[in-house]
Each structure stands twice: as structure tokens, then as C-alpha cells.
Amino acid sequence: MSDQKYGFTTTVLHNDRRKSIEQGSLHKPVHTSVAFGYGDARQLASVFQGKEPGFRYGRQGNPTVGALEDKITKMEDGVGTLCFATGMGAIGALFQALLKAGDHIVSSSFLFGNTNSLWQTVAGQGVAVDFVDATDVAHVEAALKPDTRMVFVETIANPRTQVADLARIGQLCRERGILYVVDNTMTTPYLFRPKSVGAGLVVNSLTKSIGGHGNALGGALTDTGLFDWSAYPNIAQNFRKQPAANQGLAQLRAKALRDFGAALGPEAAHHIAVGAETLALRMERTSANALALAQMLESDDRVSAVHYPGLASHPQHGITRELFRAGGSLLSFELKENIDPFDYLNRLKLAIPASNLGDTRTLVIPVAHTIFFEMGPERRASMGIAESLIRVSVGIEDTEDLLEDFRAALSA
């Protein structure tokens, strides 16, 4: 395959073949070996020292995982990617490899529940975390301190769909020399590339829409090439020997994969890589379905609120239209007080009560009673999460079938 510039899906489909594949396979085969031999001991040493590419040990990557990393790098227009066992493993790597006691993080307060829990753990281990309303850059700026090492936001927050002030936060971080980390899971690289707003690192939960079929866990960190690692104070001296552009990923690979062991297995990497081939097609369908469902729910007087960035009524609809191809597959809504949310969910015939996101099937969950139950009512209230909130991960079902399912459950 030549270096010609191709479209998103063509690039993802054919990226494996940019390098030779054993026996002419169309997919990178599943390499289950955890060790890799070299005919020349000097070459083995050179690979370990980072002087030439190669595989050292399965915990730090293997050919199947490496092929997926190349694919994600192309998706995000980055310079390199590391894959992890889960999306939370990728976020945990930020703390494990890049932060020290005494450092400070500014994070959006509108977060995936497990990310919120992780930052609470981090705060108990010597890294200060300030949670702010990241829909306005002014809140981020007001929270910055001399020892702020990182600003962390999600593109579209799960589950209330707040959209961060992405471009202006990126400009602020560039001006202050702060590492800007954007979790792109809910938009995916097809709907949005965080590099376009100055992100230095991009997080993707590969479990969700990129894998897309609910059959493999995985996460990724992509270096966009925009951040100056030579100015980052927490890079260990042994990684300073590498070119500045390589220092961040080199330290992440060593400290988060080699030392901490959050490695993605080759079988999961294969599932995710195959799923990723249809990402654009699925995101177009799920985004269209989500918009249609959100519009239907918003027009029904038995629904008290609908949260979807593709709706004109959404507070960050302008940012959504400016930056994203579409509003994504995530929405949430609240029923009027006289409708029991559990009874409503039990009346649905197609939508499945389940906790995943980005599946081909539509999944629903009562948020306050499940994934956000642990944080308590006060914290939920501060995040705008009503006790009746229902989260919907919209799938690829036929649109009219999906709308009728949610409509009929309201009518019962």
C-alpha cells in the first residue's frame, strides 16, 4: 500500500498491509508468544535500549498489539500509541508513569464514574486533584497552580453529555505549557480528533465504539506529537537520552506496561482491530439513531429532560456542531416523576439493561442506582445526575424499530 492519503475507513481497513503480513493474511495474525528471539544478541540489546524497533517481552507489546497501535495512531493522526488491557488501564497509566506526589491535576468534574473514582484514589496518594466545570475555560484557568502538570477532560461526558470547552482549554494549556489530556471515547477518532484542539495525549477506551461489539476489553493512549516532553519535569533521566518526541511514550511503556503490567492481550487486540474497520459506518448509524431518539423523547411530555449534544436545546450544541461530525451514540433522559424508571426499563423489548457503551446493540441503565451509586447523592447532584436519569448507548438497530420500542414503553 502506498503512502497516498486515503479516507478514514480506507486507511483503517488497509493499515495492516502497510507492513508485510505473514502468509499474505489480510489481518495481522494473533501472536500468542510472550517472548521474541533474535539471531544476534547485539540486536536484542539494541531493541531493549530503544535504538531500533522490535519486541522485548509480551508485557510491553507484541506484533498483534503493535498492529492495533499503528491503526489507532493513524485514526488519531498521532505519532505513536500504547494499548492497555482496559480503558481504565490507559487512564491509570497517566498517574503511574507521569505524576508524582506534590503534583496537581485539573480535571473536568463531568466524568465517567470509574475515572472519578480513580482521581479520588490519586488524591489520596499525594497528587492534588481539582474538579471543575470544564464547559467553560475560565473555570479551568482559575484552578491552575504552579505545580499543575495535567488538564484532563472528556469530549462528551458520560452520562450527562456535557461537552468540554475543548478548543479554548487547548489554547490555555499551550500557553501555559501544560499537558492536555483528552478522553475521546464518546466521540471516537471518527467524529473528532483531539489533536485539532491541541491535546498532547488522547485516551480511547477500545472496549467501546472502536471495538464496537462488546467482545473485548482494551484502552489506548495516543501521543499527538504536539506536547514538548523535554519541558515536562517528571521524565526520568534514562528516558532523556531519547529524542524529546519519544520520551513520553517511552516512559509510559516502561512504567505503565513493563512495571505495572497493564498489557493488552493479543486475542483482544485482534477483536478490536477487526471491529475498528467498521467504526465510521457504525458511528454514522448510531449517531443518526441517537439524534432521532433524542428528538422523539424531547417531544414527549412524559419526559422531563433529554441530554444529547446533537439537540439544538443542548447547552454545548454550538461546540458540538463546530467540532464534531455528529453528536455521537450516547444520550440520557429523565422521566416525569409519576413514571417509575425501573418499570419503564423493564417494558423495553429491544434495548437491553447493561452497563457497556458503544455496542452494536442499544443498551440502557438507571445511572444513579448503578454506575454512579457509589459516589452518593451529593456528588451525583453536583454532576447534574438526577435520581431518575436513564443512560442510553444507542445501537445500530433499524431506526423506526428503536423509536417504537422507547415510545411503546412510555405508553404502557
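Since every read-out is calculated from the coordinates, none of them should be taken as a lab result. The structure displayed is predicted, hence computed values, not measured ones. Cβ: placed from backbone, ideal geometry, glycine included. Neighbour counts: every protein chain shown.
Helix 266-276 sits at what angle to the longest principal axis of the chain, using alpha carbons and giving 0 to 90 degrees rounded to 10?
The helix 266-276 is inclined about 50 degrees to the chain.
For n ≥ 4 DSSP H runs only, could you compute -39500 (n - 2.57) per run for the chain, divide by its residues and tell me the 222 nm figure to the nearest 500?
Numbers: 15 runs with 148 residues, N = 412.
Theoretical 222 nm ellipticity from helices: -10500 deg cm²/dmol.
What percent of all Cα-Cα pairs in the chain falls into each 10 Å bin, going from 0 up to the bin containing the maximum distance?
5, 22, 32, 25, 12, 4, 1, 0
Using 7 Å Cα-to-Cβ label points, what is the Glu337/Arg321 separation (nm, one decimal)?
Simple spin-label model gives 3.5 nm for this pair.
In square nanometres, what is the average projected area of the Cα convex hull of region 201-306? Walk me through the numbers before you get to the answer.
Details: hull surface 40.8 nm².
Projected over every direction and averaged, the Cα hull of region 201-306 covers 10.2 nm².
Between Gln295 and His14, how many nm apart are label points set 7 Å from Cα along the C-beta direction?
3.6
At 0.36 nm per residue, and after removing the present C-alpha to C-alpha distance, how many nm does the segment from Arg379 to Asn215 gain when stretched out fully?
Details: separation 164, 0.36 × 164 = 59.04 nm, distance 3.18 nm.
Here the answer is 55.9 nm.
What's the extension gain from Arg59 to Ala128 if we count 0.36 nm per residue and subtract their Cα-Cα distance?
Computed gain between Arg59 and Ala128 is 21.8 nm.
Could you give the nm distance between label points at Lys145 and Leu44, where each point is 7 Å from its Cα heading toward the beta carbon?
Label-label distance for Lys145 and Leu44, simple model: 4.7 nm.
R0 = 30 Å: FRET efficiency of Arg347 with Ser313, Cβ-based, nearest 0.05?
Values: r = 26 Å, r/R0 = 0.87.
In this case the efficiency is close to 0.70.
Got a sec? Charge dipole of the chain, +1 on Cβ for Lys and Arg, -1 for Asp and Glu; which of Gly92, Asn289, Phe152 is way out at the positive end?
Highest projection toward the positive end goes to Gly92.
If r is the Cβ-Cβ distance from Phe36 to Asp77 and R0 is 22 Å, what FRET efficiency results, to the nearest 0.05? Mind showing how you got there, number by number?
Details: r = 29 Å, r/R0 = 1.32.
Rounded to the nearest 0.05, the efficiency is 0.15.
Relative to the longest principal axis of the C-alpha atoms of the chain, give the angle of the C-alpha long axis of helix 399-411, reported between 0 and 90° and rounded to the nearest 10°.
Long axis of 399-411 versus the principal axis of the chain: about 50 degrees.
Within region 265-301, name every residue whose backbone N is under 14 Å away from a label modeled 7 Å from Cα of Arg407 along the Cβ vector.
Only 292-301 pass the distance filter.
Mind pulling the angle between the C-alpha long axis of helix 279-298 and the longest principal axis of the chain? Nearest 10 degrees, somewhere in 0 to 90.
The angle comes out near 20 degrees.
Test of understanding: in a Gaussian network model of the chain with alpha carbons linked when under 10 Å, which of Ser117, Ser33, Ser230 would top the mean-square fluctuation ranking?
The residue with the greatest mean-square fluctuation here is Ser33.
Read phi for every residue in region 329-335 and hand back ³J(HN,Hα) as whole Hz from Karplus 6.51 cos²θ - 1.76 cosθ + 1.60, θ = phi - 60°, with x for Gly and Pro.
Taking θ as phi minus 60°, the curve returns 9, 9, 9, 9, 8, 10, 8 Hz for region 329-335.
Taking θ = phi - 60°, what integer Hz values does the Karplus form 6.51 cos²θ - 1.76 cosθ + 1.60 yield along region 216-230, in sequence order, with x for Gly and Pro?
Here the 3J(HN,Hα) series is 7, 8, x, x, 8, 10, 10, 8, 7, x, 8, 8, 8, 5, 5 Hz.
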